[in-house]
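Colleague: What follows is a structure written as structure tokens; I'll ask about it next.
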Amino acid sequence: MNTHVGIVGTGIYIPKGRLTARAIAEATGGIWSEQAVVEKLGIKSIVVPGPEDGTQEMGVKAAKDALANTGVDPESIDLILCIGEEWKEYPLTTSGIYIQEQIGAKNAWAIDVQQRCGTTVAAMKIAKDMMLADEDIKTVMIVGGYRNGDFIDFKDPSVSFMYNLSAGAGALIMKRNYGSNVLLGTHIMTDGSLARDVGVEFGGTCKPITAENVHQAYKSLRVFNEKHMKERLNEVSMSNWMHCINMAFKKSGIDKDKLGYLACLHFKRSMYESMVKELGLTMDQTIYLEDYGHMGQVDQILSLHLALRAGKIKKGTIISMIAAGIGYAWGANVIRWG
């Protein structure tokens with residue numbers, strides 16, 4: 001086998017709290033019914049973080065789970081790429097360096113990377129490219145936590161596509177020349193015309209939190225330009241996604257019809273089922289995260305983790321992880337398992 005990078009294993013942390021479809025419907029004030037939340041948005045329940053479930057602490061727990069699942073010595077880790085969100089315990093602290101300390105990865109160095117819900121796919125490409133370019137980097141942990149759902153105002157119908165925002169953390173360990181579970185091609189696209197269509201309105205330098213706005217500031221993840229976002233996404237989103245998938249398979253030298261498992265983020269049910277069908281798969285060849293909601297960039301790791309446990313992925317299975325994130329970004333990769 002030529003020089004390559006393989007996936008050693010995964011780790012997951014999921015808080016115990018849940019918000020059901022009925023509770024979400026009630027929180028919308030009757031704008032959405034429970035049936036619509038389940039059938040249209042594809043949400044049976046989302047995960048709610050507890051008081052100790054900060055973004056960084058959840059990342060630590062997922063990292064420790066990955067170490068336990070794989071038997072990897074934390075001192076053998078050379079690099080930590082943290083995919084944890086910017087909404088965390090203390091602003092301007094570096095999450096990857098904190099996780100490094102908590103898990104005993106004393107020989108590693110760490111950096112936080114961010115592309116919203118596209119971060120895991122991007123970080124895997126970064127990890128692979130860095131390992132192939134730098135002989136000093138042999139083992140990389142990708143890890144992070146997510147709880148952006150804290151900012152959702154369920155009475156704002158313009159953010160209904162984000163009612164699924166959930167909480168949790170994931171970790172993925174990769175090694176150069178591991179010998180199996182090889183990460184092949186990746187393709188990523190970004191569209192800057194959508195860069196400020198969605199965001200948290202208050203808390204930055206443009207609109208600082210004040211005594212007057214504090215009560216709305218912490219529920220201000222909003223669509224700033226709803227018309228532009230809808231029109232632009234309708235125009236380019238699915239075609240960009242399919243282009244990323246097609247290019248990832250082309251770069252991998254594998255026919256797309258060999259795809260055996262889709263590790264995909266959570267989004268509305270009809271679009272998800274349509275994508276699965278377009279890729280020539282059945283819903284048995286993916287896991288729809290309706291019992292978890294959308295943990296941002298953790299979704300792909302969670303999907304892989306659950307699929308391995310469920311026996312959906314076997315030796316020789318061709319996997320594609322696909323992602324999209326506000327900003328806007330689209331990405332896909334190809335993995336040959338076993």
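Colleague: Is one or more of the residues making up segment 193-205 surrounded by 20 or more Cβ atoms within 10 Å (Cβ to Cβ), more than 30 Å from L259 (Cα to Cα) and β-branched (V, I, T)?
Modeller: Yes, segment 193-205 has at least one match.
Colleague: A further question follows. For residues in segment 315-332 being over 20 Å from Y288 (Cβ atoms) and out of contact with any Asp or Glu (no Cβ under 9 Å at 6 or more places or on another chain), which is least open to solvent (accessible area, probe 1.4 Å)?
Modeller: Step by step, filter segment 315-332, then rank; the result is G316.
Colleague: Please state which one of E290, E273, E235 is charged (D, E, K, R) and over 20 Å from the mean Cα position of the chain (by Cα).
Modeller: Working: E290 fails: over 20 Å from the mean Cα position of the chain (by Cα); E273 fails: over 20 Å from the mean Cα position of the chain (by Cα).
The match here is E235.
Colleague: Let me spell it out: the conditions are (1) of a type in the set (A, V, I, L, M, F, W, C); (2) closer than 28 Å to N164 by Cβ; (3) in a strand (DSSP E or B); (4) open to solvent by 20 Å² or more (accessible area, probe 1.4 Å), and I111 meets all of them except one. Which number is the exception?
Modeller: Here I111 clears every test but (2).
Colleague: Does segment 267-310 hold any residues that are open to solvent by 40 Å² or more (accessible area, probe 1.4 Å), assigned to a loop (DSSP other than H, G, I, E, B) and not β-branched (V, I, T), and which are they?
Modeller: Matches in segment 267-310: K268, G280, D291, Y292.
Colleague: State yes or no: is M174 part of a strand (DSSP E or B) and under 21 Å from L306 (Cα atoms)?
Modeller: yes
Colleague: When you scan segment 1-103 for strands (runs of 3 or more DSSP E) that lie fully inside it, which ones turn up with 1 or more residues that are open to solvent by 10 Å² or more (accessible area, probe 1.4 Å) and under 22 Å from E135 (Cα atoms)? Working first, answer last.
Modeller: Values: elements: 5-13, 17-20, 45-48, 79-82.
Fully inside segment 1-103 and qualifying: 5-13.
Colleague: Which one is least open to solvent (accessible area, probe 1.4 Å), of the residues in segment 206-231 that are farther than 14 Å from D156 by Cβ and basic (K, R)?
Modeller: Per the criteria, the residue is K207.
The values are calculated or read from the model by the stated rules, or taken from the named source; none is laboratory data. Bear in mind the structure is a predicted one, so any value in this text is a computation, not a measurement. Cβ sites come from the backbone with ideal geometry, for glycine too, and all protein chains shown count toward neighbours. Surface accessibility is based on the protein's heavy atoms, side chains included, excluding ligands, DNA and RNA. Shrake-Rupley method; radii C 1.70, N 1.55, O 1.52, S 1.80 Å.
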